[in-house]
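Below is one structure; the comments refer to it alone.
The values are calculated or read from the model by the stated rules, or taken from the named source; none is laboratory data. In this text, all values refer to a predicted model and were calculated from it rather than measured experimentally. Positions of Cβ are generated from backbone atoms using ideal geometry, with glycine treated the same way; all protein chains shown enter the neighbour counts.
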Amino acid sequence: MTLVRDHARVLEVAFETFSRQWGNQLTARLRALATVSIDSVTMRSYDEYVRSIPQQTVMIMCTVEPSRAAAVVQISSTMTMGWVDYLLGGPGMVIGDAERELTEIEFQLVRDLLQHSLNDLTYAFAAIAPITVGAKTVQYNPQFVQAVAASAPVIIASFTVRVGDLEDTATVMLPADVLLAGLRDRESTDSRTAAELAAHADALARLAAGIEHAPVPVAVRFGPITVRPSDVVGLAVGDVLHLNHPTTRPLDVVVDGVVLARAAAGTQGTRLACLVVTSEETS
């Protein structure tokens with residue numbers, strides 16, 4: 001099984017976009033420097049995929065909406081245990097038997113971590129197919145997991161994941177029929193060639209990456225009050241302005257005039273700081 005060259009390029013761009021987002025999510029949530037880089041994108045049968053990954057590993061079983069097809073995120077047991085240690089406040093050390101199964105609490109931590117990253121697949125593949133991937137259950141022995149028919153074609157993306165001192169390979173398996181159908185639909189409704197679509201997707205990915213790292217001024221402020229011009233002109237040292245801001249209400253975290261979150265004032269070392277307590281939904 002092989003991918004058409006133009007299709008392969010479009011998928012590579014989508015997975016490259018996802019890998020950058022995944023690395024950002026891991027860095028933010030594990031509070032450790034993390035990078036995820038794409039190694040390859042191939043199409044194989046599901047049976048070939050199962051035989052290519054370790055016999056003992058962590059397989060997060062997922063569903064792909066709206067097709068209800070199955071997907072898999074495979075991560076080494078050692079990397080997964082390192083994530084758990086980070087999530088519990090540790091330095092990412094793997095202590096004891098790294099090949100053991102996750103406890104229920106550990107699985108919930110890993111599933112929540114992965115789900116935030118899987119949400120970025122929707123963005124990365126928006127130009128190909130409208131998909132939403134949800135993490136559901138976990139398995140540990142690929143030989144006994146029949147996610148799809150053995151001969152069914154699947155798209156496999158292989159990544160190198162680095163978090164702190166940990167480095168390993170992870171894979172994402174998605175149903176080929178869903179992605180290829182989206183690519184064919186775009187070809188029939190868009191006059192651009194697949195190469196042009198890939199270039200467009202690459203430009204969007206570069207733009208998104210640039211925006212992510214652009215400096216943005218953030219302000220933390222009390223709620224505003226309205227005063228008369230005469231009050232402003234007559235301000236002098238020692239005057240007191242009565243703010244309509246209850247002492248129990250968090251401060252506003254503002255970017256470009258838009259309130260994005262609420263935060264409690266405090267200190268960190270010798271500097272003032274704020275702790276975000278709620279976030280605002282923005283469209």
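Let's see how each residue does on (1) within 30 Å of Leu197 (Cβ to Cβ); (2) surrounded by 18 or more Cβ atoms within 10 Å (Cβ to Cβ); (3) out of contact with any Leu (no Cβ under 8 Å at 6 or more places or on another chain):
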| position | (1), (2), (3) |
| --- | --- |
| Gln143 | no, no, yes |
| Val163 | no, yes, no |
| Ala170 | yes, yes, yes |
| Pro175 | yes, yes, yes |
| Val178 | yes, yes, yes |
| Ala181 | yes, no, yes |
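Has region 220-228 got any residue that is exposed (fewer than 12 other Cβ atoms within 10 Å of the Cβ), among the basic types (Lys, Arg) and part of a strand (DSSP E or B)?
Checked against the condition, which is being exposed (fewer than 12 other Cβ atoms within 10 Å of the Cβ), among the basic types (Lys, Arg) and part of a strand (DSSP E or B), region 220-228 yields at least one hit.
Taking the condition of being in a loop (DSSP other than H, G, I, E, B), touching a residue at least 12 places away in the same chain (Cβ under 8 Å) and under 24 Å from Glu104 (Cβ atoms), how many residues in region 141-163 meet it?
Residues meeting the conditions: 3.
Quick test of your reading of the structure: Leu102 fulfils all but one of (1) at pLDDT 90 or above; (2) buried (at least 20 other Cβ atoms within 10 Å of the Cβ); (3) of a type outside the set (Gly, Ala, Ser); (4) part of a loop (DSSP other than H, G, I, E, B). Name the failing condition by number.
(2)
Assuming Leu118 fulfils every condition listed in (1) out of contact with any Cys (no Cβ under 9 Å at 6 or more places or on another chain); (2) modelled with pLDDT under 95 apart from one, which condition is it?
If we test Leu118 against (1) out of contact with any Cys (no Cβ under 9 Å at 6 or more places or on another chain); (2) modelled with pLDDT under 95, just (1) comes out false.
Do we find that Val138 is among the aliphatic types (A, V, I, L, M) and either crowded, with 20+ Cβ neighbours inside 10 Å or in a strand (DSSP E or B) (or both) in this structure?
Answer is yes for this residue.
Using beta carbons and a limit of 7 Å, which pairs, at least six apart or on different chains, have the first residue in region 46-57 and outside any loop (DSSP other than H, G, I, E, B) and the second one surrounded by fewer than 15 Cβ atoms within 10 Å (Cβ to Cβ)?
Tyr46/Ala149; Tyr46/Ala150; Asp47/Ala150; Asp47/Ser151; Val50/Gln143
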